[in-house]
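Working notes, structure below.
The values are calculated or read from the model by the stated rules, or taken from the named source; none is laboratory data. Bear in mind that the values here come from a model prediction, so they are computed numbers and not experimental data. Every residue, glycine among them, receives a Cβ derived from its backbone with ideal geometry; neighbour counts consider all protein chains shown.
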Amino acid sequence: MKGLKILGTGRCLPDKVVTNDDMRAFVDTSDEWIRTRTGIQTRHFCAEGESTASLGVKAARLALERAGISPEDLGACVGCTCSADSAAPTVASTIQRDLGLPKHIPYFDLNAGCSGFLYGLHVTRGLLLQSDKPYALLVGAETLSRVMNFQDRGTCVIFGDGAGAVVVKLEEEAPYAYTLGAEGGDDVIYIGGYGSKEPYIHMEGQKTFRFAVEMVPWCIHELLGQSGLKLEDIDWFVLHQANKRIIDHVAKKLGMPGERFYQNIAHYGNTSAASIPIALDEMAEQGLLKRGQKLLCVGFGAGLTWGGALLEW
Ligand code: COA
């Protein structure tokens, strides 16, 4: 089975850093409450002139440079977002224009909430299986600060803006397993979209927490079962960065050392579909990823959706 190997990564976070204390300008909260409940210390918010697409373009440019491929060899470009600037143009088509990428390949966005990057990986693999080109560009980009209710302390302290990108190659020898799913309903997480009367994120925190700590271990076991691998065979678990307590809980439930679960939630908050590619880019920058390593990525969130993929670095 042909799998996906990540060749290069990039990320872009807006310059504006907002601390937990800064959030007190909007809601009755405290640094202590936010840190202990979520692990978040700071998040980045877009300034005027920045957009979901502009963050995505910058992350994509870096990923392409670092992958060292010719854009002519790209077979697809997929944007993953639940906070696109507009219904059209898409993040992906803006990336095509701004980076001058080849025109005759598919460019589109997909929305699967915070699982978007995982959905994107599987869709990308499918596109590459049908393409005569070996590489694809996958970008998670979000400006959640633009869909946040700054009077709702249960949500506005949690989310942040940012983008992460990866260039993947379809490779014969790379391992691959995936799982995707959804159980529809807006009673747990709801994100108002274009023209919505309530264009904000609404979230039932405790229900979301329970959903995550049940689904993430399920996804991990599903991926291991499909691939015939054991927990010990996985070099890194890169989970959606929604809450430090969720990641710690999952590591404990699996009986795995926490160090194998990369975490950067402290700096960025929850950046939805961007959180896993941002994490991958940081890990690459810090030299944590070595060629040939196996990565298990799992996302969950609005939809409700979940998704997981076994990848090779
Ligand atoms: N600062 C201070 N107090 C806050 C607060 C804030 N930012 N947000 C909520 N509170 C208060 C509530 O009003 C409530 O007060 P009350 O007891 O007087 O009514 C109290 O804290 C407990 O609220 P609750 O919602 O039960 O807190 P919690 O322990 O469940 O923590 C979350 C809230 C959101 C941090 C937690 O539920 C969570 O992380 N859930 C998962 C969210 C997630 O992963 N979302 C992303 C999915 S992609």
Within the range 53-103, residues within 14 Å of Ala136 (Cα to Cα) and of a type in the set (Lys, Arg) come out as Arg61, Arg66, Lys103
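This table checks each residue for (1) under 24 Å from Ile191 (Cβ atoms); (2) modelled with pLDDT of 95 or more.
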site: Met1; (1), (2): no, no
site: Leu7; (1), (2): no, yes
site: Ile34; (1), (2): yes, yes
site: Gly39; (1), (2): yes, yes
site: Lys58; (1), (2): yes, yes
site: Ala63; (1), (2): no, yes
site: Leu74; (1), (2): no, yes
Residue by residue through the range 284-313, note down the ones that are within 19 Å of Ala141 (Cβ to Cβ) and out of contact with any Cys (no Cβ under 9 Å at 6 or more places or on another chain). Ala284, Glu285, Cys297
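Leu288: more than 18 Å from the chain's Cα centre (by Cα), away from the ligand (no atom under 16 Å from the Cβ) and either closer than 22 Å to Val91 by Cβ or in a loop (DSSP other than H, G, I, E, B) (or both), yes or no?
yes
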Does Leu223 fit the bill of being aliphatic (A, V, I, L, M) and assigned to a loop (DSSP other than H, G, I, E, B)? no
Report, ordered by the first and then the second residue, all pairs with beta carbons closer than 6 Å, sequence separation of six or more or different chains, a first member in the range 21-45 that is within 22 Å of His249 (Cβ to Cβ) and among the aromatic types (Phe, Trp, Tyr), and a second member that is modelled with pLDDT of 95 or more and surrounded by fewer than 16 Cβ atoms within 10 Å (Cβ to Cβ). none
Given the residues Thr36, Thr81, Thr29, which is the only one that is touching a strand residue (DSSP E or B) at 6+ places or on another chain (Cβ under 7 Å) and hydroxyl-bearing (Ser, Thr, Tyr)? Thr81
Yes or no: the range 261-274 includes at least one residue that is more than 14 Å from the ligand (Cβ to nearest atom), in contact (Cβ under 8 Å) with a residue 40 or more places away in the chain and surrounded by 16 or more Cβ atoms within 10 Å (Cβ to Cβ). yes
Can you tell me which residues in the range 127-151 are within 22 Å of the chain's Cα centre (by Cα) and aliphatic (A, V, I, L, M)? Leu127, Leu128, Ala136, Leu137, Leu138, Val139, Ala141, Leu144, Val147, Met148
For residues in the range 22-50 being outside any strand (DSSP E or B), of a type in the set (D, E, K, R) and more than 12 Å from the ligand (Cβ to nearest atom), which is surrounded by the most Cβ atoms within 10 Å (Cβ to Cβ)? Glu50
Just need a number here: residues in the range 158-209 that are part of a strand (DSSP E or B), of a type in the set (Lys, Arg) and either within 16 Å of the ligand (Cβ to nearest atom) or under 30 Å from Lys16 (Cβ atoms) (or both). 0
Checked the range 80-139 for anything part of a helix (DSSP H, G or I), among the small types (Gly, Ala, Ser) and over 24 Å from Ser70 (Cβ atoms); matches are Gly116
